[in-house]
Amino acid sequence: MTTSINLITPPGELLELIESARRPLLIAHIAPDGDAIGSLLAAGILLHYLGKEPLLACQDRVPVTLRFLPFQDQIKSDVRDFDPDVVIAVDSSDPSRMGAIYDPDRFYQAPLVVIDHHVTNVHFGDINWVEPSCCAAAEMIYYLMRALDVTPTKELASCLLTGLVTDTRGFRTANTTARVVGIASKLMEAGAPLNRITENALNSRSYDLISLWGRVLGTVQRDGGIISVSNERAMREDLNGIIRADGVVSFILGAYAAKVAVVLTELPEGKIECSFRARPGSDVATIALQLGGGGHPLASGCTVEGTLPDVRQQVFALLRETNAWAE
Ligand SMILES: [Mn+2]
């Protein structure tokens, strides 16, 4: 028995623009994750296969855990010599996510295409393909690939599966539908190594990161349904420039009593980065949006000016306002 997948069709004007493009500039968001890099590389391989000359760009370096991906060493952080005829932003909910790569003065003649799955996307492109029902931007690149009638190579399939695996934390999030698992199965048939991807992208971390987890978890506290930790600058002085305690926010949400998990990270410049996760039934997209950030109902974030105690107070007040259980 062959299973068929209910495909989502990209907008016709997007397909036409891609077919006519010669030199697309593809941009992944700052502080890239597995979906940003996986979608960027997959889109790049796809466009290259179609005879285009794409340039792949990201302001920040590819995380060590994703350096097993094919062609990741070809991602540029400087695009000054490139003159694109179309710019495509992947997995980015607002223009600031493109960081220093996107220069509106230089690229004003090139249409800007947005391919994203965040419900908070502000539709900042000339063409906006936004599918909040998709678990990852990589799922959308899969539909794009199918719409363009391309059969995935092992490399393309590996990049797409990395996006699916990381944004669903190993097919465990609430938006992991049968369709997503069906796509993952097709990508494995094309040669994508699920176990290798999971081990690299989800299960590998530095000793410094584990040390930071230890210190950050030492601050854990529970207030009603809110479980929270703080990641202070002083905790990280001996940790070789590591900033974020990646993965902690999902881990602490596992507390039986938790409805919402909050990680407050003091950034080097003194601002506070807030990461939110919620169990199904609660919503943290609203609070992130109110504080100038974005994301999904169950996973969101923002960066706020102020000291850690002040931002904590502000965040907790907003959470109590928007969620009755938080009392
Ligand atoms: Mn994503």
Sole miss for R97 among (1) closer than 18 Å to H29 by Cα; (2) free of Cβ contacts under 8 Å to residues at least 60 places away in the same chain is condition (2)
Candidate set: the stretch 157-181, residues that are away from the ligand (no atom under 13 Å from the Cβ) and charged (D, E, K, R); chosen: the one most open to solvent (accessible area, probe 1.4 Å) = R172
What number of residues in the stretch 293-309 are assigned to a strand (DSSP E or B) and acidic (D, E)?
-> 0
In the stretch 102-139, the residues that are in a loop (DSSP other than H, G, I, E, B) and either within 12 Å of the ligand (Cβ to nearest atom) or within 26 Å of A184 (Cα to Cα) (or both) = H117, H118, V119, T120, N121, E131, P132, S133, C134, C135, A136
Hits in the stretch 72-101 - residues which are away from the ligand (no atom under 16 Å from the Cβ), closer than 27 Å to T9 by Cβ and surrounded by fewer than 22 Cβ atoms within 10 Å (Cβ to Cβ) = D85, P95
Looking only at the stretch 222-269, which residues are of a type outside the set (A, V, I, L, M), without any contact (Cβ under 8 Å) to a residue 24 or more places away in the chain and under 22 Å from G306 (Cβ atoms)?
-> E237, E269
Flagged in the stretch 144-156 as surrounded by fewer than 19 Cβ atoms within 10 Å (Cβ to Cβ) and more than 20 Å from I75 (Cα to Cα), in numbering order, are R146, A147, L148, D149, V150, T151
Select from the stretch 182-211 the residues that are surrounded by 15 or more Cβ atoms within 10 Å (Cβ to Cβ) and of a type in the set (A, V, I, L, M) and list them in ascending order.
-> I183, A184, L187, M188, A190, A192, L194, I197, A201, L202, L209
Might you check whether a residue that is of a type in the set (D, E, K, R), in contact (Cβ under 8 Å) with a residue 24 or more places away in the chain and touching a Pro at 6+ places or on another chain (Cβ under 6 Å) occurs anywhere in the stretch 151-161?
-> yes
Within the stretch 217-234, is even one residue in the same structural domain as I115 (by TED's automatic domain parsing), under 26 Å from V315 (Cα atoms) and open to solvent by less than 20 Å² (accessible area, probe 1.4 Å)?
-> no
Among (1) more than 20 Å from the chain's Cα centre (by Cα); (2) of a type outside the set (S, T, N, Q); (3) at pLDDT 95 or above, which single condition is M1 missing?
-> (3)
Take A258 and decide whether it is closer than 23 Å to D167 by Cβ, small (G, A, S) and not assigned by TED's automatic domain parsing to the domain that holds T151.
-> yes
If you check R222 against the conditions, is it out of contact with any Lys or Arg (no Cβ under 9 Å at 6 or more places or on another chain) and more than 28 Å from D283 (Cα to Cα)?
-> no
Applying the selection to the stretch 30-51, what residues are assigned to a loop (DSSP other than H, G, I, E, B) and open to solvent by 20 Å² or more (accessible area, probe 1.4 Å)?
-> I30, A31, D33, L50, G51
Flagged pairs (Cβ under 6 angstrom, 6 or more apart or on separate chains; first in the stretch 181-197, closer than 12 Å to P152 by Cβ; second surrounded by 14 or more Cβ atoms within 10 Å (Cβ to Cβ) and of a type in the set (S, T, Y)) are I183/Y142; A192/S158
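The values are calculated or read from the model by the stated rules, or taken from the named source; none is laboratory data. The structure displayed is predicted, hence computed values, not measured ones. Because the Cβ atoms are built from the backbone with ideal geometry, glycine has one as well, and the counts that use them run over all protein chains shown. Quick note on the areas: whole protein, heavy atoms, side chains included, nothing else; ligands and nucleic acids left out. Shrake-Rupley method; radii C 1.70, N 1.55, O 1.52, S 1.80 Å.
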